[in-house]
1. For chain A, take the longest principal axis of its alpha carbons; what is the angle in degrees between that and the long axis of helix A:7-20, to the nearest 10 within 0 to 90?
2. What shape does region B:44-101 take by its C-alpha gyration tensor, where a ≥ b ≥ c are the square roots of the eigenvalues and a/c under 1.5 counts as rounded, a/b above b/c as prolate, and the rest as oblate?
3. Provide Rg over Rh for region C:439-527; use the alpha carbon set for both Rg and the Kirkwood Rh (inverse mean inverse pair distance).
4. Say each of residue C:101 and residue C:77 gets a label point 7 Å from the Cα, pointing the same way as Cα to Cβ; how far apart are those two points in nm?
5. Would you mind calculating the relative contact order of region C:443-488 from Cα pairs under 8 angstrom and at least 6 residues apart, reporting the percent as a whole number?
6. Residue C:109 label point, 7 Å along Cα→Cβ, cut-off 17 Å on backbone N: hits in region B:69-92?
7. Take peptides C:27-38, C:231-242 and line them up by average Cβ neighbours within 10 Å, highest first, as a rough protection proxy.
8. Compute the angle between helix A:93-104 and the longest alpha-carbon principal axis of chain A, please, reported from 0 to 90 degrees and rounded to the nearest 10.
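Values in this text are rule-based calculations from the coordinates and carry no lab data. Source: prediction; values computed, not measured. For neighbour counting, all protein chains shown are included, and Cβ atoms are generated from backbone atoms with ideal geometry for every residue, glycine included.
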């Protein structure tokens with residue numbers, strides 16, 4: 001593997017593989033842990049996982065690209081998930097998403113800020129419909145949003 | 001403790017019930033709704049404000065607890081106050097600046113805040 | 001050392017209170033107390049802002065902590081004489097008259113709860129979800145104890161007697177499902193809890209998992225005993241981090257107490273539970289896709305039969321129920337199936353939890369007996385539509401469901417009546433829509449969702465939903481043609497017939513149902529180039545009227561600099577630049593911006 005990964009992260013990955021590697025149906029939990037460590041799933045990491053748990057890389061790639069949770073590209077330090085659930089939709093989620101893009105300076109097709117500070121994603125529903133529209137930053141949920149509140153929320157994480 | 005039989009389970013049930021009623025008799029409780037909805041509406045800030053207020057006042061015998069979502073998302077954050085021998089009273093749409101009033105007026109002095117109260121159990 | 005004061009008078013010295021006169025109040029207190037010879041007993045303190053500036057100046061008297069508002073210098077005498085000397089609270093200066101316990105309504109009497117019957121949600125919001133003792137104190141694990149004293153066949157018979165049907169959407173009788181798994185050949189069997197609550201607009205499972213996790217565990221253990229399984233999995237969405245944390249805690253507590261693990265309650269029955277985090281794929285709510293995902297594969301459905309009851313997780317017989325279904329089991333065991341069956345309608349027994357959201361006053365969770373009408377839920381429990389707007393429709397069943405218009409509000413709700421009306425129970429998400437919601441846009445919203453979440457296995461679902469979405473986009477963009485409506489209907493038929501799982505089979509429902517009840521809205525988009533609800537931006541334009549006072553707020557709010565104008569002069573919007581986001585209209589304090 002190249003030098004772009006910290007030695008301690010690779011040690012952590014090997015630890016995860018040693019812990020979970022032999023369990024049945026382990027691929028998804030291993031990928032979840034690996035993504036926790038590296039922030040995304042670089043090719044080198046997938047190759048290492050494939051060798052250790054004896055699952056073909058093609059199959060791993062198939063799983064990684066199937067689930068919305070896995071990412072093959074580097075991601076921002078903070079993950080902003082803008083909820084697009086039905087309740088949020090009818091209560092103005094589009095406007096919230098537009099304001100998020102504006103505040104983060106992201107174009108329609110972009111998802112991560114240049115400084116890797118934020119990654120903006122949409123999510124189908126975070127189950128907090130009573131407070132629609134809502135968004136999540138990392139594990140924190142913010143509800144009853146209006147476009148004006150977005151800047152203040154993002155500033156807490158800058 | 002390990003629960004090995006129905007009798008063990010009943011014992012725990014009785015002691016849990018006693019503990020709850022003892023709390024009802026002798027101490028006061030503050031209960032904050034800490035489901036995802038509550039937290040999204042600011043329940044964590046409310047919880048911190050309550051703990052601050054209680055320690056600032058040096059109140060004794062007050063337990064601060066959390067509970068799940070009671071389903072009234074519109075009124076989150078929700079805070080319940082239980083005073084010895086009295087029903088549990090729920091406040092809704094609680095803001096951090098309401099906390100000192102809830103603690104001083106209701107928890108300490110038993111005067112229910114008519115502007116924030118939702119219901120009692 | 002300073003003498004210990006018997007009372008403290010706290011006067012707010014924040015900017016707000018100072019400006020409303022607190023500066024004179026502090027010296028007035030000191031003077032009055034000195035005159036009464038109480039300077040040593042009562043300490044006067046200046047404090048920071050309490051954040052209630054509009055009610056200032058504020059004075060708080062300790063040790064009682066009485067909160068006086070709008071205190072004037074002339075009130076100081078009375079506070080000292082009446083409160084500090086005689087110990088009587090001055091009611092007229094209190095923030096508001098305090099309510100008496102008698103005047104506070106009981107939970108059961110407030111509109112939101114009056115028609116509810118909390119059965120699965122009975123503990124949610126009442127016990128500490130992180131304390132197993134509190135759950136046991138609320139009759140928890142008694143259903144398990146009772147089940148373990150019965151034969152597995154009797155447990156299944158009790159569940160059958162209750163008439164409980166799957167709460168995840170399908171509505172399959174739970175007792176029969178258990179029977180199939182029990183009857184299946186094999187030593188190793190699994191119990192799976194479907195906690196992949198993916199329907200946008202439904203969050204009852206999250207509430208139960210977060211608010212009463214032990215109830216779900218208890219339901220699963222009882223199921224394990226009944227079907228002959230010794231291992232269980234909870235497949236929970238990763239988007240619910242708090243639910244996962246609470247479940248992990250509950251499993252550990254139950255293991256430590258011996259309610260999970262070997263020889264539970266001395267019965268000889270053993271059971272363990274693992275948690276699997278979902279990885280973000282709506283289709284994994286389908287049982288065969290969910291099993292594939294637990295096994296570490298792409299979550300794609302496979303044809304049934306064989307049903308999971310015969311060949312499920314790793315090819316072993318497996319019983320899958322959703323969270324709300326399991327949450328009903330402990331009480332059914334404890335109270336008996338007859339009690340549960342005494343609620344509800346002929347075919348749908350017990351209670352159902354609905355998530356009430358959208359354009360409605362009281363958003364939240366309502367657990368009601370089956371057979372209640374939608375009108376009761378929306379108007380009696382939900383408190384009606386906010387801002388004086390008119391009700392248009394309620395969407396039920398998420399992306400698989402449909403909408404019910406005004407004329408169907410008095411329908412008694414159960415599995416069959418909803419299906420007959422072109423909607424479905426689904427997981428019970430109710431999204432209320434008012435006159436400002438465009439039904440074509442709603443249909444497009446759902447198609448966008450199912451198109452995105454289609455796993456891609458069946459061509460009609462993968463390609464068909466994409467084509468339907470293109471047509472809906474076209475209609476919303478003002479480019480629809482007369483042929484589009486029949487084309488939507490024909491595509492819908494093929495997708496329903498040609499898809500393997502419920503995702504594809506039901507994906508066209510939102511379109512069919514809106515076409516059925518709101519065809520005129522589609523026609524208005526196509527023929528009149530109008531969006532009656534004023535949602536679809538292609539038909540909209542914003543103009544500034546003569547009410548404009550030239551304050552410039554709209555200019556500042558505009559994200560694309562489409563607004564120009566001098567200060568104090570009427571502004572104008574450049575329609576070429578305008579992206580019709582509506583930000584200007586939201587900001588205008590003079591209602592000078594028209595949409596149309």
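1. The helix A:7-20 is inclined about 80 degrees to chain A.
2. Since a/c reaches 1.5 but b/c is at least a/b, the shape of region B:44-101 is classed as oblate.
3. Using Cα coordinates only, the ratio equals 0.95.
4. It works out to 3.8 nm between the two label points.
5. With pairs under 8 Å counted, the relative contact order is 34 percent.
6. Output list for this probe position: B:86-91.
7. C:231-242, C:27-38
8. On a 0 to 90 degree scale, this one is about 70.
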